[in-house]
1. Output the relative contact order of region 75-147, whole-number percent, from Cα pairs under 8 angstrom with separation of 6+ residues.
2. Could you state, as a whole-number percent, how many of the C-alpha pairs of the chain are farther apart than 32 Å?
3. So what does log10 I(q)/I(0) come out to for region 250-375 at q = 0.14, 0.19, 0.22 Å⁻¹, using the Debye formula with one equal point on every Cα and no solvent?
4. Working out 0.36 nm times the residue gap between S375 and K296, then minus their Cα-Cα distance, what length gain in nm do you get to one decimal?
5. With a 1.4 Å probe and all protein chains kept in place, how much accessible area does C387 have, in Å² rounded to the nearest 10?
6. Over region 81-277, consider all pairs of different Cα atoms and compute the Kirkwood hydrodynamic radius from their mean reciprocal separation; express it in Å, one decimal.
7. Test of understanding: in a Gaussian network model of the chain with alpha carbons linked when under 10 Å, which of Y263, Y53, Y102 would top the mean-square fluctuation ranking?
8. From zero outward in steps of 10 Å, how is the percent of C-alpha pairs of region 103-205 spread across the bins?
Amino acid sequence: MIEITFQNDEVKLINTQNNVSETVLHFGGIHNNLTTISSPKLLQEYIHMLENYSTIQKYTYGETTMIDIVALTSLIYNELMAGKHTEIRALEVGSWFGCSSYFFANSLKTFSDSNILFCMDTWQGSPDTTSHNIANYENAFEHFKSVMRYAGVYDNIKPIVCDSTVGMDILQDDYFDIIFVDANHTYDYVYQDIIKGIRKIKVGGLLMGHDCECYADELPPHLLHGDNKHLDGIEGYHTGVIKALDDIFGRSYNRFNQSLVWYKRITQEDKDMLLKMTSEFDYDREGIVQLVETMKEAIQFIYNNISEGKSETIQTLIFGTVQAANQLEKEIIPLCEKYNNKDLKINTNVLKNSLLDFRIAYDRDFPQALSVLESRVIESFNVWVECFTESGM
Ligand SMILES: C[S@@+](CC[C@H](N)C(=O)[O-])C[C@H]1O[C@@H](n2cnc3c(N)ncnc32)[C@H](O)[C@@H]1O
């Protein structure tokens, strides 16, 4: 059991089993060069913010534990006490109902009203998790905004409703002081979110994320293999997060003791590594063309036969095209990164979403499915092909 204590001007974590304590926040002292806020006031603000934990958790159905919130906010406080503390630009990728967003934004706001937290989320929940089902009957984005308003931090938040695979690209490079990654936890997504995070953060900025239980070499060996990294979590481990971190940083990132929060100060070498990774990139054009050809045939077949009514063949083909669109996205996004082709990236995402919506319409609202097929799937497929051909890739 871990206890959080506030003593004198320190916040400590105490492990009650072995009585080992660790100071995570020290108010005052040599690194506090704040001119506008005195240390006792900061400590009071910090305690007051944590006292809101159970209320915020209740309204956000937050799964982010108190210890993870202490980890997140301690890192932010330390960052802002040690250096620049106004005009901070921070980004959270994955906000959901706003549990971490509240504590993130509140910590920033304590130092200055000029600090801004950008919150990027689809607010559709992560595929194959309960959040996705909740998003089907509740407007998660409205819920997020209400909680942030009620909690008094909405003025310091700028929401960006977008899939991070495309949303991160519209942001300026080298712009953010702090980034926190907590969106889709499967390997490909985490990998991309971290890589893009490195690009979007300033040199010297703090990149952090959630749901890292251990380093990859501490994982039970059987979890390191097979498809485990493509799951949201297995046997209490977020293998996608752990493996992506390992592939990008090796062991050279930090874990905040007792919590699931990881962090890394981004250096020029990290940014250079990114350039090296993309210049070594090779791709299978033939494979992509074949995949697109298969999708075309499937869509054509569905279009020709859909008026006959619902059938298992069509259902299987729809499922297959959605999977193909996911595969296409996986192959094409790194390519778009390399050639800086934002249009193709956006069109890939539009195509995938149109197929997802088509699948839902086919399952739930069959008459509507034909119109989704005609007006969105076929349209976005043609636009995609045109864009890919024009790109000369
Ligand atoms: C684990 S929750 C975030 C929890 C939040 N940080 C908290 O403390 O409550 C993951 C969020 O990521 C979002 N998400 C999943 N995939 C995404 C993607 N590709 N782009 C943007 N957001 C995504 C989901 O909609 C969900 O809101």
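The values are calculated or read from the model by the stated rules, or taken from the named source; none is laboratory data. Note that this is a predicted model, so its numbers are computed, not measured. Positions of Cβ are generated from backbone atoms using ideal geometry, with glycine treated the same way; all protein chains shown enter the neighbour counts. Accessible surface areas use protein heavy atoms only, side chains included; no ligands, DNA or RNA. Shrake-Rupley method; radii C 1.70, N 1.55, O 1.52, S 1.80 Å.
1. Values: 87 pairs, mean separation 24.3, N = 73.
About 33 percent, as a whole number.
2. Values: 30470 of 77028 pairs.
So the portion of pairs separated by more than 32 Å is 40 percent.
3. For the requested q values the scattering log ratios are -0.76, -1.02, -1.22.
4. Working: separation 79, 0.36 × 79 = 28.44 nm, distance 1.56 nm.
Between S375 and K296, full extension yields an extra 26.9 nm.
5. Here the residue's solvent-accessible area equals roughly 20 Å².
6. Working: mean 1/r = 0.0581 Å⁻¹.
One over the average 1/r among Cα pairs gives 17.2 Å for region 81-277.
7. Judging by the Gaussian network model, the answer is Y53.
8. 14, 42, 36, 8, 0
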